[in-house]
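Structure first, commentary second.
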Amino acid sequence: MPLQVVIADDEVLARQKLLQLLRDEPDIEVVGEGANAEETIDLVQLTQPDVLLLDIRMPGMDGFDVISALSCSSPSDLPGIIFTTAHDQYALKAFEVHAVDYLLKPFTRERLRIALHHAREQRERKHANGTARSPEKKEYSNRLVFRSKGRILFLPIADIRWIGAEENYVRICTGRESHMLRNTMSNFETKLDPDVFLRIHRSAIVNLQHVKEFRTDGNDGECFVTMSAGHKLPVSRGYRSRITSLIAR
Amino acid sequence: MLRRILQNRRLAIKLNKPTKQQTDPTRPFFMHPVVFLSGWLALGILFGFQESVEMSLDAWKVPLWMPFAAWTLEFLLWGLTFLGMWHFLRASIQAASTRQMLLLYLPLSVVVGIVEEVLYITIFRYQHPGRHLTFLTRLGHNLSSALVTDVVIFWMGFIVFRSVGYYQRYREREQLASQLQSQLVQARLQALQMQLNPHFLFNTLNSVSSLMRSDPDGADEMLERLSSLLRITLAKGQAQRIPLQEEMEVVQLYVSIQQLRFGDRVSHRVEVAPEAWDALVPSMILQPIVENAYVHGISRSLGEGTITIKASVEGDKLCISIRNAGCVPGAFADTLKRQGVGIANVKARLELHYGSRQSFSIREVVPGDVTALCVLPLEIDKRPSSDHAEPLYAASSSDRG
């Protein structure tokens, strides 16, 4: 089933760019275009799309007004919201209203694809488990929002391969690139699901899904983790027991 | 452009703001009424003590409290007189011309002297050893012995108040001068900082314009990176010094844009020691150096180039080197001759920021391998290092329930 998309932007050229980019994407169907908030609300209620590409600053009501109007009328059937805006100051607010992504204009085809991919994943999750969640398991964050190199990132935690400490900063490495954040490892450790992320060193946390192997060096007993991309990280003595207990499990 | 307008406006606001000194001249601590009167009281007691000792040595038949009371009263009267002068006549004293001094303050000093004595005699009418004499006789006696002293005391106060005025005006002027000086430096720094951007901006726009026809997605990519670069540059606003980490974000964005232009011909490496990330550097100081490496080095060489940016902390110095391997051998001498606006700017800005506490050099270590070395005094960003200094928000779920 193709992903149904509504575009909302008061600028013709902005809508045109989205239309052109989406036309080339497989499995995407644009079901409507709104030039202001009122039009958009009507359109979404009428077409029930999967995704709403939403500009924030529009004449009259803004993008957030659209969301509150929609969630008032049908809270369970909200489309996945992808904000497209030239303003970076609304990122947190967008995160709080559970937006799927936040695209800063101008954005590339690639960036739009990533956002749509996230929207698709979210739709699939919704279909798979409805609203049910396993009650006994503590909920861990599944996304981070931060600013890096002039962009806003709504980074799915699953995309993180490993996290390294560099003095007052942590380096978040994804498959594509790395981001420096002024933060602490311990702060990160509490936010991450211990079943997925393992601290192996004072200055390293790895995503177990991206670990290829654990190896103890025969000669001096030093232990290393090799990541799927080939990166090698040392395991410190103090954290080694965690790995052995993990292997035992 | 927008940023320059904003900055100029901010600067104008700063210049128009009246200084605190001009509207509210500070009162020297000794002119606080309590401090001032206590001072005079202490002097009175001291003189009283001295006289009572003398009197007891000379075996006078006067109660010992008398000299204390007399001197304390005398000095307290002066204290009150001067306090009044400070409040009502200070401005006039500080501005008085010689003419005014002679025609107004000289007679006033005599009048004040006479009034002092009249008050003194009136208060000590019945306690004084000479109480059997008439008022006028006593006044005549007191004036002949003390009027000159009174006038001298008056003029001493006059001189002190006038000096305070001179001192305050001197301080004010000094403060204003240093403010203007720092604003001037600020303005020059901003002007220099501004020369860097447009140059690069138009080159990149030209690349976009060229890519638009051959590779629309590439043009898009370049515009996105350029926007990101503009966004962080604008967000820095007026900050003159920023942590190396933020500066490196700018450099890396710049490099990523250049990478689109030069493709595989250039690779770049960044090696920053972890403790150097928080060291402060002048905002937009590295980009022109890296730009220089591209413009004068790699873009004119035919082979592959590598740009390596290293930063380390050595003692109380921050050392940053930008090495450009793969230039045309000998091109460096040419580079020195044509050293662009960018490098001259870097030098001027480092000079303004750190004076002689910095050094900057570009040398060709081996043919075709040029290194720019920048040594700055180490200043560490003071933001709290523990806790989460940077807002980081994590959501427990992106799905709505």
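Since every read-out is calculated from the coordinates, none of them should be taken as a lab result. Bear in mind that the values here come from a model prediction, so they are computed numbers and not experimental data. All Cβ positions, even for glycine, are placed from backbone atoms using ideal geometry, and neighbour counts span all protein chains on display.
Measuring nothing but how far apart in sequence close Cα pairs (under 8 Å, 6+ apart) lie, relative to its length, segment A:3-129 scores a relative contact order of 21 percent.
Note on chain A: with a GNM built from Cα contacts shorter than 10 Å, the maximum mean-square fluctuation among A:LEU192, A:LEU46, A:LEU155 falls on A:LEU46. Straight-line reach from A:LYS149: taking Cα to Cα under 16 Å and skipping same-chain neighbours fewer than 8 places apart, the aspartates and glutamates in range are A:ASP88, A:GLU177, B:GLU221, B:GLU224, B:GLU246, B:GLU247, B:GLU249, B:GLU390. Classify segment A:157-248 as rounded, prolate or oblate from the Cα gyration tensor: take a ≥ b ≥ c as the square roots of its eigenvalues, call it rounded if a/c is under 1.5, otherwise prolate when a/b beats b/c and oblate if not. It comes out prolate by the Cα gyration axes. Taking the fewest neighbouring Cβ atoms within 10 Å as the starting point, the ordered list for A:PHE146, B:PHE88 is B:PHE88, A:PHE146.
Percentage of Cα-Cα pair distances in segment B:57-147 greater than 19 Å, rounded to whole percent? Cα-Cα pairs in segment B:57-147 separated by more than 19 Å: 52 percent. Using a ≥ b ≥ c from the Cα gyration tensor of segment A:78-188 (square roots of the eigenvalues), is it rounded, prolate or oblate, where a/c under 1.5 gives rounded and otherwise the larger of a/b and b/c decides, a/b for prolate? Oblate is the answer for segment A:78-188, as a/c is 1.5 or above yet b/c matches or exceeds a/b.
Tell me the net charge near B:PHE47. Cut-off is 11 Å between Cβ atoms, B:PHE47 excluded, with +1 for each Lys or Arg and -1 for each Asp or Glu.
Local charge sum for B:PHE47: -3.
Put simply, when A:164-170, A:227-233 are sorted by average Cβ atoms within 10 angstrom per residue, most first, you get A:164-170, A:227-233.
For the residues of B:31-38, the average number of beta carbons from a partner chain within 10 Å of their own beta carbon is 0. A simple count of charges around B:PRO67, restricted to other residues whose Cβ falls under 10 Å of its Cβ and scoring Lys, Arg +1 and Asp, Glu -1, yields -2.
Every Cα-Cα pair in chain A was counted, and those over 30 Å apart are 38% of them.
With neighbour counts taken as other beta-carbon atoms within 10 Å, the residues B:TRP86, B:TRP155 rank, fewest first, as B:TRP155, B:TRP86.
Under a Cβ-Cβ cut-off of 9 Å, what is the net charge of the residues other than B:GLN94 that fall near it, where Lys and Arg count +1 and Asp and Glu count -1?
Neighbourhood net charge equals +3.
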